[in-house]
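Since the structure comes first, as structure tokens, the remarks are kept for the end.
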Amino acid sequence: MSPKLIFLLGSLCLLVGTQVRAQDEEGADGVDANAEELCQDRPGDEYFRLSVEGDCRDVVRCDKASEIGVTRLATVRCPTGLAFDIERQTCDWKTNVKNCDQLESKQTLTQAPFVFCPGSGRCTRSGLKQITCPSGLAFDLDKQTCDWKGKVTNCDKLEKPRKVLPILKTDEPVCPEGKLSCGNGECVDKELFCNGKPDCKDESDENACTVETDPNRAPDCDPTQCVLPDCYCSADGTRIPGNIDPQQVPQMITITFNGAVNVDNIDLYEEIFNGQRQNPNGCQIRGTFFVSHKYTNYSAVQDLHRRGHEIAVFSLTHKEDPQYWSQGTYDDWLAEMAGARLIIERFANITDGSIIGVRAPYLRVGGNKQFEMMADQFFVYDASITASLGRVPIWPYTLYFRMPHRCNGNGGNCPSRSHPVWEMVMNELDRRDDPTFDESLPGCHMVDSCSNIQTGEQFARLLRHNFNRHFNSNRAPLGLHFHASWLKSKKEYKEELIKFIEEMIARSDVYFVTMVQVIKWMQQPTELSALRDFQDWKETCDEKGLPYCSLPNACPLTTRELPGETLRLFTCMECPNNYPWLLDPTGDGFSARK
Ligand SMILES: *[C@@H]1O[C@H](CO)[C@@H](O)[C@H](O)[C@H]1NC(C)=O
Ligand SMILES: *[C@@H]1O[C@H](CO)[C@@H](O)[C@H](O)[C@H]1NC(C)=O
């Protein structure tokens, strides 16, 4: 991160901190007699100076919200070394601030809804001070975006305990061939390093296991060995498969939704995928649904599948503890993902083996264990690893060779070993409000984690700007990843998304496809001019048949694993005995009766 940005963040924290403290103190100090006068016609979120003397750090704003009906001045002091920029309404380096002789901003709020903040692009005046994340999320200061609470670890940065590291790089080999040195000089078989259980006495063999340091890590991409259709990689991840000229690459857009499918969102999906919107090849636009089990209406899932959308798994429990996912064992991942698939297959009667994708809750990837399980269970792809915003977006890749970008996010737990699994990498979206003007801002992976998107207009700009970013470079698939609740939170979001889709399908070079369709194209890269007849994209072209049932069973069920809860399972299939859960995914009961 740039020092400037760190600095801004620091000052932001302090700004908020001092504000709170200042108000507390005022309660004790009593009322400022001048306040009423000063605050007349002045918005409550505007900072201004009481004096041009001093070191330019102090400002006040009007606090009219107090219950007792008096107006008070809340004071703010920038951290030492900074000054308050009255036009930008934020603390900045002293040398940057040219308006210390000015008592108040020359712009009024109505004329200038946006102010420029150092190092981080534009923000609204109030937005700066009250970045609100949807409930359940918290603001991640490092990433400058809303994220799941459990993932935000910089609210109180604690120093990690120091771990002993193995001695992997030495001028002379210190151990016999096939062995490596532990931190204490002990020699241990290379294969035992990073296998999930300590073998060195000092346990150092498990302490350097990242994508870069694992002694048994996958090798760097070797394009002579890694060939399509089964293997795809490129040195920096940005190469187009088949070396197709970018002008001849279809711009694929993958719309995905995470979470339970039920009465809260079925209407939204019907509206977006209303059966009328078609790709240039005459097939309907498609989405990918990463389904979590609890509260899911399997009759609705069955219908999504019937209509040609892709169903993938987002875990069985969606447990709220991110550590559970990061540190999950092989068996945890097995029960969660293979279990979830079993449940969907049974209760949505999906029998064609088409559930082959996984997304990790909170995008907390489970390292090699998750991917080992996936390979064993014939899951074909993961769609959880995020690539931070770069100049050129990254194409999906296979994990036979080392991943072509840094493991940012995902709890730092990306797989280091070689796995026969596709990674449908999530390229972060560029969420700058004005890309021609703003400086760098870290991207966001889920559309709803772009905390600065507050209006439909901003969302519309985000969509088009990111489309252009992909379309005008290497045309890597553009992922639009949503939680339905966000799209439903404002009517204008849904409307803008639909507007965007209609605008795109009016072109001849954009396709809304599922993850599996992306893989199929990559396995057989086909130029735009020949794409109308691309057979692999015709398979799910039309809806199949009619809904399986008009009135699904609404099975009221319990399970010993969730004591006290009665859950309804909606399915066209027969009701099971119990609510399916980790130890009993079929719902038949713990001791399977035959
Ligand atoms: C479950 O989904 C089906 C199919 O979309 C729908 O007909 C039914 O009303 C849904 N039930 C509930 C309770 O949401
Ligand atoms: C489940 O799917 C299979 C294969 O598509 C079909 O033969 C069967 O009738 C379906 N069962 C129900 C209850 O819908």
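The values are calculated or read from the model by the stated rules, or taken from the named source; none is laboratory data. Bear in mind that the values here come from a model prediction, so they are computed numbers and not experimental data. Here the Cβ positions follow ideal geometry from the backbone for every residue, glycine too, while neighbour counts run over all protein chains shown.
The set of residues from segment 284-307 being farther than 27 Å from LEU557 by Cβ and buried (at least 21 other Cβ atoms within 10 Å of the Cβ) comprises ILE285, ARG286, GLY287, THR288.
Could you tell me whether segment 423-436 includes any residue that is in contact with a Leu (Cβ under 9 Å, 6 or more places away or on another chain) and within 30 Å of GLU191 (Cβ to Cβ)?
First, pick out the residues of segment 423-436 that are in contact with a Leu (Cβ under 9 Å, 6 or more places away or on another chain): 423, 426-433.
This time we only want the ones that are within 30 Å of GLU191 (Cβ to Cβ), so: 423.
Yes, segment 423-436 contains at least one residue that is in contact with a Leu (Cβ under 9 Å, 6 or more places away or on another chain) and within 30 Å of GLU191 (Cβ to Cβ).
Tallying residues that are within 17 Å of GLU310 (Cβ to Cβ), part of a loop (DSSP other than H, G, I, E, B) and more than 21 Å from the chain's Cα centre (by Cα) within segment 261-271 yields 0.
Does at least one position in segment 241-258 carry a residue that is aromatic (Phe, Trp, Tyr), more than 16 Å from ligand 2 (Cβ to nearest atom) and assigned by the TED database to the domain that holds MET504?
Initial filter on segment 241-258 (aromatic (Phe, Trp, Tyr)): 257.
Add one more test, that the residue is more than 16 Å from ligand 2 (Cβ to nearest atom), and what stays is 257.
Then keep just the ones that are assigned by the TED database to the domain that holds MET504; that gives 257.
Yes, some residue in segment 241-258 is aromatic (Phe, Trp, Tyr), more than 16 Å from ligand 2 (Cβ to nearest atom) and assigned by the TED database to the domain that holds MET504.
The number of residues in segment 73-116 being among the charged types (D, E, K, R), at pLDDT 75 or above and not in a loop (DSSP other than H, G, I, E, B) comes to 2. One residue is enough: does segment 248-270 have a residue meeting the conditions farther than 24 Å from LEU363 by Cα, surrounded by fewer than 17 Cβ atoms within 10 Å (Cβ to Cβ) and either away from ligand 1 (no atom under 16 Å from the Cβ) or in contact (Cβ under 8 Å) with a residue 60 or more places away in the chain (or both)? No, that holds for no residue. Within segment 342-353, the only residue that satisfies the criterion of being crowded, with 17+ Cβ neighbours inside 10 Å and among the polar types (S, T, N, Q) is ASN349.
Okay, residues lined up against (1) in contact with a helix residue (DSSP H, G or I) (Cβ under 6 Å, 6 or more places away or on another chain); (2) surrounded by 24 or more Cβ atoms within 10 Å (Cβ to Cβ); (3) farther than 20 Å from PRO219 by Cβ:
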site	(1), (2), (3)
ARG359	no, yes, yes
GLY366	yes, yes, yes
MET403	no, no, no
GLU423	no, yes, no
ASN427	no, yes, yes
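Under the condition of being over 25 Å from the mean Cα position of the chain (by Cα), in contact (Cβ under 8 Å) with a residue 60 or more places away in the chain and within 16 Å of ligand 1 (Cβ to nearest atom), the residues counted in segment 272-299 number 3. Among all positions in segment 340-354, there is no residue which is more than 15 Å from ligand 1 (Cβ to nearest atom), among the β-branched types (Val, Ile, Thr), assigned by the TED database to the domain that holds VAL510 and within 20 Å of ILE519 (Cα to Cα).
What's the total number of residues in segment 554-575 that are in contact (Cβ under 8 Å) with a residue 40 or more places away in the chain and within 16 Å of ligand 2 (Cβ to nearest atom)? Can you show your working first?
Step one: list which residues in segment 554-575 are in contact (Cβ under 8 Å) with a residue 40 or more places away in the chain, which gives 567, 569-573.
Narrowing further to those that are within 16 Å of ligand 2 (Cβ to nearest atom): 569-573.
Residues in segment 554-575 being in contact (Cβ under 8 Å) with a residue 40 or more places away in the chain and within 16 Å of ligand 2 (Cβ to nearest atom): 5 in total.
Restricted to strands (runs of 3 or more DSSP E) entirely inside segment 177-259, those with at least 2 residues that are within 24 Å of the chain's Cα centre (by Cα) and under 30 Å from ASN281 (Cβ atoms) are 251-258.
A count restricted to segment 543-564 and to residues that are closer than 20 Å to ASN349 by Cβ and away from ligand 1 (no atom under 15 Å from the Cβ) stands at 1. For the criterion of being within 16 Å of ligand 2 (Cβ to nearest atom) and more than 22 Å from MET446 (Cα to Cα), ALA348 passes.
Condition test on GLU503, is it away from ligand 2 (no atom under 16 Å from the Cβ), charged (D, E, K, R), within 22 Å of GLU270 (Cβ to Cβ) and surrounded by 16 or more Cβ atoms within 10 Å (Cβ to Cβ)?
no
All of (1) exposed (fewer than 13 other Cβ atoms within 10 Å of the Cβ); (2) away from ligand 2 (no atom under 16 Å from the Cβ) hold for SER550 with one exception: (2).
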